[in-house]
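Heads up, the thing below is written out as structure tokens.
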Amino acid sequence: MLYFSKLRILFITIFSVLFILIASSNLFKFDDSFFDKKINLGLDLQGGSYLLLEIDNEPVIEQKLQNLTTTIRNYFKEKNIKINNITIENQNIFFNVIDNDKQSILDVFQDENSDLNPYYPRFKSHQLEIEDTGLNIKVNFSKQGLIKLKTSSQDQAIEIVRRRVDEVGTNEPNILKRGNNRILVELPGLDDPMRIKSLLGKTANLTFRFVTNDENDRFGVENLKFENSLEEATVSKRIIISGENLLDAQPKMDTQNNQTIVSFTLDRVGAKRFGKATSTGIGKQLAIVLDGKIISAPVVRDTIASGSGQISGGFTFQSATDLALLLRSGALPAPLEIIEERTVGPDLGQDSINAGMIALAIGFMLVIFFMFVKYKFFGLITNVTLIVNLFILLGVLTLFEATLTLPGIAGIILTVGMAVDANVLIFERIKEELKDETNNILAFDGGYTKSRTAILDANITTLLAAIILFFMGSGPVKGFAVTLGVGIFTTLFSVYFIARLFTSIYVARNKDKEKLI
Amino acid sequence: MIAFNKYYSHFNLLSSILIVVSLLLLIFKGLNFGIDFKGGTLIELRASDSKINVSSLRDRFNQMDLGDVSVKKFGNDTDFLVKFENKDNKKNIIEEIKTNLDKSFGNNYDFRRVENVGPKVSAELLKSGVIAISLSLALMLIYIWIRFEWQFSLGAILALFHDVIVTLGVFSLFSLEINLSIIAAVLTIVGYSMNDTVVIFDRVRENLRKYSDIKIFELTNISINETLSRTIITSATTLLALLAIYLFGGEILKGFSLAMILGVIFGTYSSIYIANTVLVRLRVSQKTVLREDDQK
């Protein structure tokens, strides 16, 4: 127990020095990329914005069901099977069948290789569930179908969110999926998320549709409000072009009437359709509809064949810039709702860092002073261990580029307070051993051996708490779990290697000393 | 040697009262949940104009029709914490508030922190908090059940429950806010209290094997005394560290460190006066630990 081989001493020294070096890379710049790592500061320390967005999939489901009714209708029409009264209610499609056709309809839906009801070969579950209640058939999305739908709308949404955030140009945004209907956006350094929030809050579904007075329009009509006034207009549901047809959009100044406008360029398909519509629709009003509201409805004066055009609508330069950005980045598949927001200003972050560091320094000094008064030389050993422990802890956090949060700093301070426990258990045990044991070296050995189970138990219990916290906790609290958990390992290392090395040297030199501790 | 065992029954009575009172408080008064668990909006505001104070802020906010608004000083005279329910989960609420405050206070204030937690998220956070605490208690139970005999497990778990319940009881009594960091504190308390109990139990078991003729009543007292100096030193250094956080770590960590300080005090107390008395009441003897050894 007492003996440390040269190799072991070398290993301990190298290990400690390595981590101290890594820890110090937070303060100095190293040329070597291995050392040039830094602890990430959490949003609560560097300031920034945390937004949790939830995708509202209801409209997507409605839309998909709407499309499905057409598909189903056409599919059976082709096969000369009669279905009647196809309706959608509460996210279910209902239709009536005649008795003779029923079995063949059910077969179509239940066939493992059905092209109307896919997914079976891949997921061993169909996209649609079918329920047969007499002559009325009910069809809705299966569990698998819904999961697939949600993940695909999440995939699309995260892409659009990323584009929009990138366009605004914040530094190093962090955009992650959460579950299958949420997106987490972390924006370090951003203290006013207002603009991003309003950009992410818009679906940006753009359509160009004719204003019509014909109530019997083949595609159906709807009444839509204007964005900037209480007026309404009746608009055909027929979409001339949509946001998908846009190649580019930019805010511009219209020199003729000094208005801010958004100019856009269309892709080939869009340009063709736009040209055709404007040539046949001269004199009509073309409504530009964004998210269900009419921005403007200019009268078509001329055929526009160039594939470019402009939108006016009483924009300020800022709102034109934002609209152009939204149009460039594309429409979200579904509306997003911000269900959680946490924003910390940079000066509060700095204050938190300062307060945390002062608390750490004072806590550290109090503990060191206490240990020295209580244990004298052994207190000194504990204190040196404690300092090395702190550096190794910081080194490990740096090496893994862990995120340090304010509760994380609290975890470090707490580690300092609790780290002495193992050393105290050992020293107290050595003291006890010395009561019956005259041989200092044997007492020292006994102290280490007999305290081992208690130390292990004590640290495992804390580690268990830290692990649960890591997996259940969120945001800053996770940082606490990390420092507390890592702190346990560095503490055990420093106690069993560094402190023991010092103690063994001391005991070996003072093996005949009367009062060892 | 201090005769801790002289007061076993007194302190058992005290602990029982504490637990009952805490439970009554938790049931009838309940906990003061922060926006993390209740949903709502929180604004930390710093003012650079002495016109801005709790009452003028409260006046302003009450005019905005936000439901129940609470305005409090936060740390020093220029910092304020404003909380409200944001029942309708209005989207541009922060913008509206800013325009409104600009009218009365101009540019003499600054939002240092804004948190907005929707009802869905807060319900989920509360659920995961409860699961986390239950899971940690269950894991501790399993761990101690593997490591010790059942009598010890029971003692340790009762001590844990005592610490968690009484700490929450104090939070209920003084209407201190429960937020995410308090859950972290409670979990750490669970770990700490267990740690403290296990060290004493380890000694009790060792002594049970060593002495066959000492009754458990005496034996627990011997064990407590033998580990006492460690108990004191570790609690002291942990409390010193926590005190540093409480006094200098800033307003945000106040609740967390306070909960931890209470937990460490209760945890130390319960290791001595609850965990051990369970062993005494269950008449643990040398046989209890030797039987287990035979099986191994």
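Filtered by the rule that a residue be touching a residue at least 40 places away in the same chain (Cβ under 8 Å), surrounded by fewer than 16 Cβ atoms within 10 Å (Cβ to Cβ) and not polar (S, T, N, Q), the range B:23-74 gives B:Leu23, B:Lys29, B:Gly30, B:Asp49, B:Lys51.
The combined condition, being over 24 Å from A:Ala410 (Cα atoms) and either without any contact (Cβ under 8 Å) to a residue 60 or more places away in the chain or at the interface with chain B (Cβ under 8 Å from one of its Cβ atoms) (or both), is fulfilled by A:Gly447. When B:Thr237 is tested against (1) under 14 Å from A:Val424 (Cβ atoms); (2) more than 7 Å from every other protein chain (Cβ to nearest Cβ), exactly one condition is not met: (2). Of the residues B:Ser15, B:Ser9, the single one that is buried (at least 18 other Cβ atoms within 10 Å of the Cβ) and either closer than 21 Å to B:Leu262 by Cβ or assigned by TED's automatic domain parsing to the domain that holds B:Ala184 (or both) is B:Ser15.
Based on what the data block shows, is A:Ala454 in contact with a Leu (Cβ under 7 Å, 6 or more places away or on another chain), at pLDDT below 90 and either at the interface with chain B (Cβ under 7 Å from one of its Cβ atoms) or buried (at least 20 other Cβ atoms within 10 Å of the Cβ) (or both)? The answer is yes for A:Ala454. Listed conditions (1) touching a strand residue (DSSP E or B) at 6+ places or on another chain (Cβ under 7 Å); (2) surrounded by fewer than 16 Cβ atoms within 10 Å (Cβ to Cβ); (3) part of a loop (DSSP other than H, G, I, E, B) are all met by A:Lys177, apart from (3).
Is there a residue being assigned to a helix (DSSP H, G or I), assigned by TED's automatic domain parsing to the domain that holds B:Val21 and at pLDDT 95 or above anywhere in the range B:184-197? No, the range B:184-197 contains no residue that is assigned to a helix (DSSP H, G or I), assigned by TED's automatic domain parsing to the domain that holds B:Val21 and at pLDDT 95 or above.
If you filter the range A:335-358 down to residues that are facing chain B (nearest Cβ under 8 Å) and part of a strand (DSSP E or B), you find that the one that is farthest from A:Thr415 (Cα to Cα) is A:Glu337.
If I filter the range A:359-374 for residues that are facing another protein chain (nearest Cβ under 9 Å), modelled with pLDDT of 90 or more, buried (at least 24 other Cβ atoms within 10 Å of the Cβ) and not in a helix (DSSP H, G or I), do I get at least one hit? No: zero hits. Only one of the numbered conditions (1) in a helix (DSSP H, G or I); (2) over 30 Å from A:Ala499 (Cβ atoms); (3) among the β-branched types (Val, Ile, Thr) is not met by A:Ile81, and that is (1). Scanning the range A:410-430 for residues that are at the interface with another protein chain (Cβ under 8 Å from one of its Cβ atoms), within 32 Å of the chain's Cα centre (by Cα) and in contact (Cβ under 8 Å) with a residue 60 or more places away in the chain gives A:Ala410, A:Leu414.
Among the criteria (1) surrounded by fewer than 22 Cβ atoms within 10 Å (Cβ to Cβ); (2) in the same structural domain as B:Thr288 (by TED's automatic domain parsing); (3) under 18 Å from A:Arg342 (Cα atoms), the one B:Leu125 does not fulfil is (1). What about A:Pro173, is it in contact with an Asp or Glu (Cβ under 8 Å, 6 or more places away or on another chain), free of Cβ contacts under 8 Å to residues at least 60 places away in the same chain and closer than 21 Å to A:Val344 by Cα? Yes, satisfied.
Number of residues in the range A:305-320 that are in a helix (DSSP H, G or I) and surrounded by 18 or more Cβ atoms within 10 Å (Cβ to Cβ) equals 1. State whether one or more residues within the range A:206-229 are within 23 Å of A:Ile339 (Cβ to Cβ) and away from chain B (no Cβ under 14 Å). No: the range A:206-229 contains no residue that is within 23 Å of A:Ile339 (Cβ to Cβ) and away from chain B (no Cβ under 14 Å).
Of all the criteria given as (1) of a type in the set (Asp, Glu); (2) more than 10 Å from every other protein chain (Cβ to nearest Cβ); (3) within 20 Å of B:Asp36 (Cβ to Cβ), the one not satisfied by B:Glu149 is (3).
Checking the range A:46-66 against the condition returns no match, with no residue being among the β-branched types (Val, Ile, Thr) and exposed (fewer than 15 other Cβ atoms within 10 Å of the Cβ). For the range A:287-307, a residue qualifies if it is without any contact (Cβ under 8 Å) to a residue 40 or more places away in the chain and within 30 Å of A:Asn181 (Cα to Cα), but none of them does.
Look at the range A:497-517: where a residue is farther than 14 Å from A:Leu442 by Cα and a partner is among the hydrophobic types (A, V, I, L, M, F, W, C) and assigned to a loop (DSSP other than H, G, I, E, B), sitting 6+ places away or on another chain with Cβ atoms under 6 Å, you get A:Leu501/A:Phe4.
Just one of the listed residues (A:Leu332, A:Leu323, A:Leu380) is assigned to a helix (DSSP H, G or I), away from chain B (no Cβ under 14 Å) and within 25 Å of A:Gly201 (Cβ to Cβ), namely A:Leu323.
When only residues in the range B:167-196 that are within 14 Å of chain A (Cβ to nearest Cβ) and over 17 Å from B:Thr268 (Cα atoms) count, which is surrounded by the most Cβ atoms within 10 Å (Cβ to Cβ)? Filtering first and then ranking leaves B:Ala184.
For the range A:308-349, filtered to residues that are touching a residue at least 60 places away in the same chain (Cβ under 8 Å) and hydroxyl-bearing (Ser, Thr, Tyr), the residue that is nearest to A:Gly275 (Cα to Cα) is A:Ser329. Quick check: anything in the range B:176-186 free of Cβ contacts under 8 Å to residues at least 40 places away in the same chain and of a type outside the set (S, T, N, Q)? The answer is no, given that none of the residues of the range B:176-186 is free of Cβ contacts under 8 Å to residues at least 40 places away in the same chain and of a type outside the set (S, T, N, Q).
Number of residues in the range A:474-504 that are of a type in the set (D, E, K, R) and within 13 Å of chain B (Cβ to nearest Cβ) equals 1.
Yes/no per residue for (1) of a type in the set (Phe, Trp, Tyr); (2) modelled with pLDDT under 90; (3) farther than 18 Å from B:Arg112 by Cβ; (4) assigned to a loop (DSSP other than H, G, I, E, B):
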position	(1), (2), (3), (4)
B:Asn5	no, yes, yes, no
B:Ser15	no, no, yes, no
B:Leu23	no, no, yes, no
B:Arg46	no, no, no, no
B:Lys51	no, yes, yes, yes
B:Leu66	no, yes, yes, yes
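The values are calculated or read from the model by the stated rules, or taken from the named source; none is laboratory data. Keep in mind it's a predicted model, so treat the numbers as computed, not measured. No Cβ is skipped: glycine too gets one built from the backbone with ideal geometry, and neighbour counts run over all protein chains shown.
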